[in-house]
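The values are calculated or read from the model by the stated rules, or taken from the named source; none is laboratory data. Just so we're clear, the structure is a prediction, and the values are computed from it rather than from any experiment. Every residue, glycine as well, gets a Cβ built from its backbone with ideal geometry; the counts of neighbours run over all protein chains shown. To get the accessible areas, we keep the full protein, side chains included, count just its heavy atoms, and leave off ligands, DNA and RNA. Shrake-Rupley method; radii C 1.70, N 1.55, O 1.52, S 1.80 Å.
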Amino acid sequence: MPHQNTIAVILAAGKGTRMHSDKPKVLQTLLGETMLGLVAHAAQAVAAQVLVVVGHGEDQIRKAHPDLADGFVIQEEQLGTGHALQVAWERVRASGASHCLVLNGDTPLVTAEVLEDLMNTAQEGADLAFITTVLPEAGAFGRVLRGPDGEVTGIVEAKDFDPARHGPDTGEVNTGLFCLSVATVENILFSLTNANRAGELYITDLVGLCVESGLDVHALTREDASELMGINSPLELAQAEERLRAGITDRLLSSGAILHQGASIVVGPNAVVEPGAELTGPCRILGVSKVARGARVGAFCQLTDAVIEAGATVREFSHLESARLETGAIAGPYARLRPGALLMENAHVGNFVEMKKAVLGPGAKASHLTYLGDAAVGAGANIGAGTITCNYDGQNKHKTEIGAGAFIGSNTALVAPVRVGENTVVGAGSVITKDVPDGALAIARARQSNLPGRGKKP
Ligand code: UD1
Ligand code: CA
């Protein structure tokens, strides 16, 4: 449950130069989810409100995350992480929250449990609580400084770290996760200076300043929390993505999902694969997809926001996006189901069938080489090979209705808007431009003429 007295601020205005990409860093993805989406998901689980400080690539971020846009705060110039928090502070104060959780937008593996721990520490009386961990190679991360009795005295960024001045490098680093008491840290936040090598306002300087002011600073040290460190390069992104993937498939196996070639199976963090669902790798189940108990997904499939109900099957090489298969339905191999495709109970689409905003009624079939767009097909209808709904006239989309029990001969073009009634038969090769009444046979093609002796000479 989110804490009503806590607001979260995600710092996401930086460019991420080290990713060598046109995309702002926080839009890089792991298992199909953006870093920002993953961080926000964890923050939303614990905080009543989430602000996101954006700057670089603001338009792109807004487009990718309209869900978060209400909480956007613009940092026009990226003058450092401390400055980013200053920019958001007016809204932090206006929220009336007593505590402010700060997260970096480039730490996608952060979890609600970790944040919960941090918040509990802060709410037990610390003015500033933050999470540290010890790394074998501390690299470019901020170093945590401690006094003779082990008490935290500050954080020094790697660029500014000098063993002669700061003592030996212990490898203890700042993860970038802070929880601040809004009332007490406020004055200190606005006294930050940029007297460092980068000339930036560092949020990390808050630690030393709070200690100097006699505030209660608490460092929560987690063992082996390398997953909480920010991602700065393509290599780190790949490592984090694999870690997330393996964690999810391990969890699915423990819960009773059946995974063949599990090492090549990708299940996104927001997807559901129920116990008893069966997946064969390589395949990708992304977005808010669901594969229910007893449903099967074959190799080389990609599902995004797709729902596969109990006992339905997606065969090899199929591609589904915002599509749904009801019980007993079968799609593929080589099916392409685009948004709004629905296969009702026991409906079946075979190879090279594309569907978009189209419903196949219970038991209806389209087995080969067909396009069904903006179409409703009734129960038990049979759509012959090569049937095309001509749904687009160059300006508008129109609907095709096919009644229950209809039999559409191969290579039929259905020029929408058009209705083909129940229990009709349409002759192969027809171009149907007019409605066909229930129970009728429709043929719309040139008659065949045989001209004797006009073929090849023997
Ligand atoms: C930061 C910490 C470092 C810590 C590390 C953990 C500082 C000064 N350093 O370093 O101690 O070990 O994270 O991963 O905080 N950002 C803004 N506006 C700015 C600058 C940055 O919004 O003006 C955002 C970035 O988009 C990013 C986050 O803040 O999401 C952290 O910035 P980044 O440059 O990645 O900091 P690090 O050098 O990794
Ligand atoms: Ca970083």
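Out of everything in segment 138-161 that is under 41 Å from the mean Cα position of the chain (by Cα) and of a type in the set (Asp, Glu), what residue ends up being farthest from ligand 2 (Cβ to nearest atom)?
Glu151
Within segment 106-138, how many residues are open to solvent by less than 20 Å² (accessible area, probe 1.4 Å), of a type in the set (S, T, N, Q) and touching a helix residue (DSSP H, G or I) at 6+ places or on another chain (Cβ under 9 Å)?
Of the residues in segment 106-138, 2 are open to solvent by less than 20 Å² (accessible area, probe 1.4 Å), of a type in the set (S, T, N, Q) and touching a helix residue (DSSP H, G or I) at 6+ places or on another chain (Cβ under 9 Å).
Here are some conditions: (1) of a type outside the set (A, V, I, L, M); (2) open to solvent by less than 10 Å² (accessible area, probe 1.4 Å); (3) under 22 Å from Pro163 (Cβ atoms); (4) in contact with a Leu (Cβ under 8 Å, 6 or more places away or on another chain). Phe141 meets all but one. Which one does it not meet?
(2)
Would you please name the residue that is nearest to Lys25 (Cα to Cα), looking only at residues in segment 77-134 that are touching a His at 6+ places or on another chain (Cβ under 9 Å) and polar (S, T, N, Q)?
So, considering only residues that are touching a His at 6+ places or on another chain (Cβ under 9 Å) and polar (S, T, N, Q), the one nearest to Lys25 (Cα to Cα) is Gln78.
In the set Leu36, Leu103, which member is within 25 Å of the chain's Cα centre (by Cα), open to solvent by less than 50 Å² (accessible area, probe 1.4 Å) and either aromatic (Phe, Trp, Tyr) or under 15 Å from Cys179 (Cα atoms) (or both)?
On inspection, the qualifying residue turns out to be Leu103.
Every residue, every condition in (1) open to solvent by less than 60 Å² (accessible area, probe 1.4 Å); (2) of a type outside the set (Ser, Thr, Tyr); (3) more than 13 Å from ligand 1 (Cβ to nearest atom); (4) farther than 28 Å from Asn5 by Cα, yes or no:
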residue	(1), (2), (3), (4)
Gly154	yes, yes, no, no
Phe161	yes, yes, no, yes
Pro168	no, yes, yes, yes
Gly171	yes, yes, no, yes
Gly176	yes, yes, no, no
Val182	yes, yes, yes, no
Val185	yes, yes, yes, no
Phe190	no, yes, yes, no
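How many residues are in contact with a helix residue (DSSP H, G or I) (Cβ under 7 Å, 6 or more places away or on another chain) and within 15 Å of ligand 2 (Cβ to nearest atom) when one looks only at segment 31-45?
Adding up the residues that qualify gives 2.
If Leu220 passes every condition in (1) open to solvent by 70 Å² or more (accessible area, probe 1.4 Å); (2) closer than 30 Å to Asn187 by Cα; (3) touching a strand residue (DSSP E or B) at 6+ places or on another chain (Cβ under 6 Å) but one, which one does it miss?
All conditions pass for Leu220, except number (1).
Report, by residue number, each residue of segment 269-308 that is in contact (Cβ under 8 Å) with a residue 60 or more places away in the chain and among the β-branched types (Val, Ile, Thr).
Scanning segment 269-308 gives a single hit, Thr304.
Using beta carbons and a limit of 6 Å, which pairs, at least six apart or on different chains, have the first residue in segment 381-399 and closer than 26 Å to Asn423 by Cα and the second one of a type in the set (Ser, Thr, Tyr) and open to solvent by 20 Å² or more (accessible area, probe 1.4 Å)?
The qualifying pairs are Gly384/Ser410; Ala385/Ser410; Gly386/Ser410; Ile388/Tyr371.
Considering only segment 26-116, give the helices (runs of 4 or more DSSP H) lying wholly within it that have at least 1 residues that are within 27 Å of Arg245 (Cβ to Cβ), of a type outside the set (Lys, Arg) and away from ligand 1 (no atom under 14 Å from the Cβ).
In segment 26-116, 35-46, 58-64 are the helices (runs of 4 or more DSSP H) which contain 1 or more residues that are within 27 Å of Arg245 (Cβ to Cβ), of a type outside the set (Lys, Arg) and away from ligand 1 (no atom under 14 Å from the Cβ).
Within segment 43-56, which residues are modelled with pLDDT of 95 or more and farther than 13 Å from Ile10 by Cβ?
Across segment 43-56, the qualifying residues are Ala45, Ala48.
Would you check if Val52 is closer than 23 Å to Thr175 by Cα, away from ligand 2 (no atom under 15 Å from the Cβ) and touching a residue at least 60 places away in the same chain (Cβ under 8 Å)?
Taking the combined requirement at face value, the residue does not satisfy it.
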